[in-house]
1. Under a 5 Å amide H to amide H cut-off, with H placed in plane at 1.01 Å, what residues pair with Arg295 once short-range neighbours are removed?
2. With the cut-off at 1.5 for a/c, could you classify the range 163-289 from its C-alpha gyration tensor as rounded, prolate or oblate?
3. Taking the Cα centroid of the range 84-98 and of the range 143-207, what is the distance between the two, rounded to the nearest whole Å?
4. If you stretched the chain out fully between Ala248 and Phe4, how much longer would it get, using 0.36 nm times the residue separation minus the C-alpha to C-alpha distance?
5. Expected output is a single nm value to one decimal: the length gained when fully extending between Lys53 and Val382, i.e. 0.36 nm times separation in residues minus the C-alpha distance. What is it?
6. Given the options Ile172, Ile222, Ile13, which has the most mean-square fluctuation in a GNM of the chain, springs set between C-alpha atoms less than 10 angstrom apart?
7. Please determine, in degrees from 0 to 90 and to the nearest 10, the orientation of helix 282-291 with respect to the longest principal axis defined by the Cα atoms of the chain, where the helix direction is its Cα long axis.
8. At a Förster distance of 45 Å, what's the computed FRET efficiency of Arg352 paired with Asn29, Cβ-Cβ distance as r, to 0.05?
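All of the numbers you see were taken from the coordinates with simple rules; none came from a lab. What you are looking at is a predicted structure, and each value in this text was computed from that prediction instead of being measured. Cβ placement follows ideal geometry from the backbone for every residue including glycine, while neighbour counts extend to all protein chains displayed.
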Amino acid sequence: MTSFSPLTPTEAIERYGHELTFTDPSDRNRIVIRPALIGTLFFERGSQPAMRKALLSCVDEFRAAYGDELSGGKKGKTKYSRKTMRGIEAMRQYILSNDPDYEVEFVFADVVDNATAPEYLIRSLTGQAYHEEHHGDLSYLKFILPWSFAESAGGLAQYHRFMTFCCAALPIRGGYGGIAPVLPYGFHRYMPQEYQLAQRFVGLEADCYAFAEALDYQDNHIKSTNWYTVLGDPLLEKLGSEADVRAALCREDILMERHGQCLVIRAGDYPLLGAPEEGPLEPYIFVNRVIRPLRKPLRGSMHSYMEGVERFGEEESRRWVARFDEPEGPNDDSTPQPSRGASALPFQTCPRSGRWVANHLGNRIAQVKAGDPMPGPERSDVGNQVVWYFVRDIE
């Protein structure tokens, strides 16, 4: 097995920041994919007034810390817009006063349109009273903070503080957190890029359809393993008990804390990108050994259908959520491991004959033989660093 050689957040940012950032080909001032720290949580009884009040406390906590960055947002079916103090107060009242029979949907972010990837964001979609009572529907909360926060102890402490604040404030069923390629609110056209990046960097969380994961969590399944894994009491009971989980994960680099009705598990002191040279992400694999039984056996697609492009269909999604699995025995070949996603820069020697795609050149396709130079240019018209990703062998 390849040895584990983790990159520090600073090393990962310096080495791969250009691959993980994508500027709109038609507007060099608009970033449509950026790496960031994310947290996604699923909670119960989101329609009820007490939970709406608790949800607002999470919003107010986020705004107290990062309010100077939160220039835009939206509520319900309205469009993104710049938010004045009057608009912010209207959104707060909307969260508190909307009828329990209607869902609450809102976004506070550092962007004022739905076509730009945010760097600061808090977003939620709550359930409706009828569906909660009859079907057990869950609500979800997602937040985003800059990847640069991972470079300092203070930044990581801020991330942890807000994650655990939400876990203590809300009746959490489960969730996760780590590094992710953040897409705009209007994300669909960029799903192929999210797919390619997740194949290349296995530590990334593919999370553009986060709200849809609520269906699995309400059936007491989890999505996968990442830097943070949050297990509510019903999930812990499926593993035996909290004491059993703590005993199985008792190791110096694994943090476990009880907050509210959930156990927060952190695999290592900082999030791992999962670049090829890092080798298997041992802390994530260690946690995965214990929580793997909580995954849904036959999960659905993590992306909607798009014709003729690489995406997370059902098979690709099942391979991806199993990326930290290990064979159960010497003859076990049942674990569907994903590709590590070979890549090459323009004019470098091609490492493998096959079909390659350049996301930063409008998903341009090229067939290149091993040993030949990769096609140019080095940068796109709007200045993106061009990176070629291997797709498949030449037939």
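1. Amide H to amide H, under 5 Å and 5 or more residues apart or across chains, Arg295 pairs with Ile222.
2. Oblate shape, in that a/c is at least 1.5 and b/c is the bigger or equal ratio.
3. 26
4. 85.7 nm
5. Result: 114.0 nm gained on full extension.
6. Judging by the Gaussian network model, the answer is Ile13.
7. So the helix axis and the longest Cα principal axis differ by about 50 degrees.
8. According to the calculation, E is roughly 0.80.
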